[in-house]
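The values are calculated or read from the model by the stated rules, or taken from the named source; none is laboratory data. This structure is a prediction, so every number in the text was calculated from the model and none was measured. Accessible surface is based on the protein model in full, side chains and every heavy atom, while ligands, DNA and RNA are left aside. Shrake-Rupley method; radii C 1.70, N 1.55, O 1.52, S 1.80 Å.
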Amino acid sequence: MSPVRKGKGKKGGKQKKTTVADEEKYRKRTLEVETLKQHLVLRRDVARHAMADSEGLKQRLAELERELEEARGDKQDIYEEMIRQFQQLQRQTDARIQRLESETRSLQEQLAVCQEDVRRSRAEKEKTQEEKDEAIAKMQRKIDGMETEYEKILHGSLDLLLSKLETAKLGWEKEETGLHLEYKDRLKEFGLNPLEI
């Protein structure tokens, strides 16, 4: 408030101006108070909403924490299940590897036995073939020797036969000549000429 000056004639006008100013101030102050009240109400509503939201958020946070714990538990269960399955798969793989290695060893042993059998059979076959070839060669030599011997015997027999035939021929010729002479003499005795007959 501004200080009131003393003076005549102007006293009433100044009071009126002051009252108008005061009323204006009062109106402004009232408006400010109303505005502040409205702000306060709004702030209270916002605070109430914030509190409600806070409670909701706390509940949601609690739910999320529960879900997280459950997820951690599920994750642990899944991890343990994966480890169990991996170990089972590892055992199955190890067992299969051992079985395959055992089968491989068995097959290698069988292969070695078969190869040894083949080698032995081949050696026996070669030996048998050699013995057969030797027997054939021996028989061929024997046959050749027998052939030569038979050829000698045959030639000797033929020579002997020819010699006997020649001897027999000479004997037959002598006998024939003797018979001719005898028949010739007889024919002459009967007065026949042998050349005319």
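Here are a few things to note about the model shown:
- Count of residues meeting criterion [among the hydroxyl-bearing types (Ser, Thr, Tyr) and open to solvent by 100 Å² or more (accessible area, probe 1.4 Å)] in the stretch 25-68: 1
- Meets criteria (assigned to a loop (DSSP other than H, G, I, E, B) and either among the aliphatic types (A, V, I, L, M) or within 60 Å of the chain's Cα centre (by Cα) (or both)) for Leu179: no
- For Glu81: the one exception among (1) under 47 Å from the mean Cα position of the chain (by Cα); (2) modelled with pLDDT of 90 or more: (2)
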